[in-house]
Amino acid sequence: MDSDRTRGSLLGLACGDALGRPVEFNSASEISAEHGRLDEMAGHGTWNQPAGTITDDTEQALCIARSLVEQQDFDPADIADRFVAWYDSGPFDIGRMTMRSLSRLKHGDAWDEAGQYVWEQSREGQNAGNGSVMRCPPLAIPYASGWDRLAEVSRQASQITHADPRCTEGCAVLNLTVAGLLEDVDTPLQDALDYVGADAPDELVTALEPLARGDSPGTLETSGYVVHSLQTALHDGLVSDSAEEAIVTAVNRGGDTDTIGAIAGAVAGARFGASQLPDRWLNAIDETDELETLAKRLVDVA
Ligand SMILES: [Mg+2]
């Protein structure tokens, strides 16, 4: 596997997360009024952090990557423990379903109980956020050539906090797409959708099939609903002419900027490679070196 692409997937995720962090929840017009076209790591803003600060998206992706490397296998109970340790560190940014699931895990639920319970207690409209798709791309590296296993581990990693089928299958589709990009296939999203087939919920297939065919979608939404976030981020990640353009486009749409930027960045990073991500971004992110090392070691896990 091309190591520039594997590194690009993790570093692209971090770049999108950190570029989007200061403008999370802002509209496109608010972003352009304050920044013009935001293409530099900015300080302050939403969450009032220094330029280049990553958020829960990359923090949880790091938990998954470190677990895979240290356990030399997919161990969902170990990943859940790492999520809880991160939760206990008092993160400034954490999603609602994630917080509720991690709180239950902390108080004794097994890794496959907490997310299921929280999902069953959540009503439609609040039960299928993007909190698991944003962190799942590290799984695509070790399991890139074993799609049964990749789909399975992607679903299970989602289930720790997000058990809705739109989330679990969303993680499978995203990771199969990233795996296809790492292996340089011609039609990565179509291959991913073909693979999950009838397992995927209709809302997800309806949103993603036009992208896979290369049709121009109508309006692209930027909410935290997993179907919206995936559709918009996959669009930007798959059609942009460069990794930088993919991430800048995704973030400047506004809305859930860090997460849509992170997903678009993971896709575009796997397409173009780490060498195509701007040095000025990578230098601003404290976790760049660790992400590079993890990406190299993830290749040898499976
Ligand atoms: Mg975030």
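Every read-out reported here was derived from the displayed coordinates using simple, explicitly stated rules and does not represent laboratory data. Nothing here was measured: the structure is a model prediction, and the numbers come from that model. We place every Cβ from the backbone using ideal geometry, glycine too, and count neighbours over all the protein chains shown.
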For this session: Only Lys, Arg, Asp and Glu count, each charged at its Cβ (+1, +1, -1, -1), so figure out the dipole size of region 24-132 about its Cα centre, rounded to 20 debye.
Result: 260 debye
Exercise. For the chain, modelled as a GNM with alpha-carbon contacts under 10 angstrom, which of VAL84, VAL226, VAL251 fluctuates the most?
Worked result: VAL84
For this session: Please state the charge dipole magnitude for the chain, taken about the Cα centre, from unit charges on C-beta atoms (+1 on K and R, -1 on D and E), reported in debye and rounded to the nearest 20.
Result: 360 debye
Seminar exercise, completed: Farthest towards the positive end of the dipole of the chain, among MET97, GLY20, GLY146 and with Cβ unit charges of +1 on Lys and Arg and -1 on Asp and Glu, lies the Cα of MET97
For this session: Mind telling me which of GLU124, GLU244, GLU30 comes out most flexible in a GNM of the chain, alpha-carbon contacts under 10 Å?
Result: GLU124
Problem set entry | Under the Karplus curve 6.51 cos²θ - 1.76 cosθ + 1.60, θ = phi - 60°, whole-Hz ³J(HN,Hα) for region 74-88, x wherever Gly or Pro sits | 7, 10, x, 5, 5, 4, 4, 4, 5, 4, 5, 4, 5, 4, 5
For this session: Give the long-range amide H neighbours of SER27: residues separated by 5 or more places, or on another chain, with amide H under 5 Å away, using H modelled in the peptide plane at 1.01 Å from N.
Result: GLY255
Exercise. Hey, in the GNM for the chain with a 10 angstrom Cα cutoff, which one of SER275, SER101, SER223 fluctuates hardest?
Worked result: SER275
Exercise. How much mean residue ellipticity at 222 nm does the chain get from its helices, if each DSSP H run of length 4 or more adds -39500 (n - 2.57) and you divide by all residues, to the nearest 500 deg cm²/dmol?
Worked result: -18500 deg cm²/dmol
Exercise. In angstroms, what radius of gyration and Dmax does the chain have, counting Cα atoms only?
Worked result: 17.1, 48
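Mean separation of Cα pairs under 8 Å and 6+ residues apart, divided by the residue count of region 3-298: what relative contact order is that in percent?
33 percent
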